[in-house]
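Presented below is the structure to which this report refers.
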Amino acid sequence: MFVFGSSYPVNKLALNTSLPPMLAGSLRMFILFICLLPFCKFKIPARSYLLPLLGFSFSMGFGVIFFLNLSLGKATFVAPIIIGAQLAIPFAILASSIFLGEKVNTKQWLLILISFFGIFLIGYDPNLKGEIYAIFLCSISAFFYGIANVLSRYIKEVDVRFTNMIMGFTGFITILSFSVFSEGNTINHLMNINTNTWLLLLHNGISVSVIAHTSMFYLYKFYSVNKVMPFYSLFPIFGLILTFLIFGEIPSLLSAIGGTIVIISVYQLQKIR
């Protein structure tokens, strides 16, 4: 969760070097793909796994990274994005109820609604009027993250290194395609990436996508979504501390109240079995 928390300020540092967000996302997925490729034996999985694998690869490799990078690219402040990403937890629980039949009781429904209310409070912060679009994009990213966690349960018997390699390749190709047609000047942007920016990209590609994500998805071989996903609520604590240390961001009172509501509600969600 510490590594997950570091992803947001580190990603923002990379984007602050004028690196286009879509290209940055595609490079992150390319690094993931290259790192896992030597450890995987390519074997077409059973037919029953193909559709869930494709859905997982698109949701995580494209949906999460694409919209998260767009969100950070639009955002002036990182803290609201870190808090907004917490919506992945209620989205995952809702999706697990729909697709996996995992029961969502009345208390969970209430806490899910409270978490969304906390995000709305942040959105109404007058100091963050220019951040509404960024928070909206972050919410879409969180939705895809919740879906990806549920779909990973359908492919829990497939080697986690193989599934994440396919996910990395899918994300790289799809996001790069959008980057080429939307951002343009791809070769020039690549040539202008300096050593410090590459180190930031390597951190997100290796530490976050390879180590943290692969480790988290590995847990789904043994535990249900509603047992694993709620621990995701720990990462904003580390992320907000690092954001303060790197950017000096101090949330306003309304944002602090909304963020506290979100974090407490998702924490309470993880205590329900």
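Here are some notes:
- For residue 208, neighbours were defined as the other residues whose beta-carbon sits under 15 Å from its Cβ, and their charges (Lys and Arg +1, Asp and Glu -1) total +2.
- Distance from the range 74-125 to the range 1-59 (C-alpha centre basis), Å: 23 Å
- Pairwise label distance in nanometres, residue 2 with residue 192, each label 7 Å out on the Cα-Cβ vector: 3.6 nm
- Ligands, DNA and RNA left out, the accessible area of the chain computed with a 1.4 Å probe is 71% carbon and sulfur.
- Residue-wise HN-Hα coupling along the range 2-16, computed from phi with Karplus coefficients 6.51, -1.76, 1.60 (Hz; x: Gly, Pro): 5, 5, 4, x, 6, 4, 6, x, 5, 4, 5, 4, 5, 5, 5
- Across the chain, Cα-Cα pairs farther apart than 27 Å form 36% of the total.
- Residue 227-residue 43 pseudo-label distance in nm [points 7 Å out on the Cα-to-Cβ vector]: 2.7 nm
- FRET efficiency for residue 132 and residue 244, using Cβ-Cβ distance with R0 set to 22 Å, rounded to 0.05: 0.45
- Helical contribution to [θ] at 222 nm, DSSP H n ≥ 4, -39,500 (n - 2.57), averaged over the chain, rounded to 500: -21500 deg cm²/dmol
- Accessible surface, per residue, of the chain when the full set of protein chains is kept, probe 1.4 Å, Å²: 46 Å²
- Among the trypsin sites (Lys or Arg not before Pro) within the range 1-107, those in coil by DSSP and having at most 12 neighbouring Cβ atoms inside 10 Å are 41, 43, 103.
- The label point for residue 182 and the one for residue 124, both projected 7 Å from the Cα toward the Cβ, are 3.1 nm apart.
- The relative contact order of the chain, computed from alpha carbon pairs under 8 Å that lie at least 6 residues apart in sequence, is 41 percent.
- Rounded to the nearest whole Hz, the Karplus-based 3J(HN,Hα) values (6.51 cos²θ - 1.76 cosθ + 1.60, θ = phi - 60°) of the range 183-189 follow the sequence 8, x, 6, 4, 4, 4, 5, with x at glycine and proline.
The values are calculated or read from the model by the stated rules, or taken from the named source; none is laboratory data. Keep in mind that this is a model prediction, so the values were computed, not measured. Here Cβ is always computed from backbone atoms with ideal geometry, including for glycine, and neighbour counts include all displayed protein chains. The area values use the complete protein model at the heavy-atom level, side chains included, leaving out ligands, DNA and RNA. Shrake-Rupley method; radii C 1.70, N 1.55, O 1.52, S 1.80 Å.
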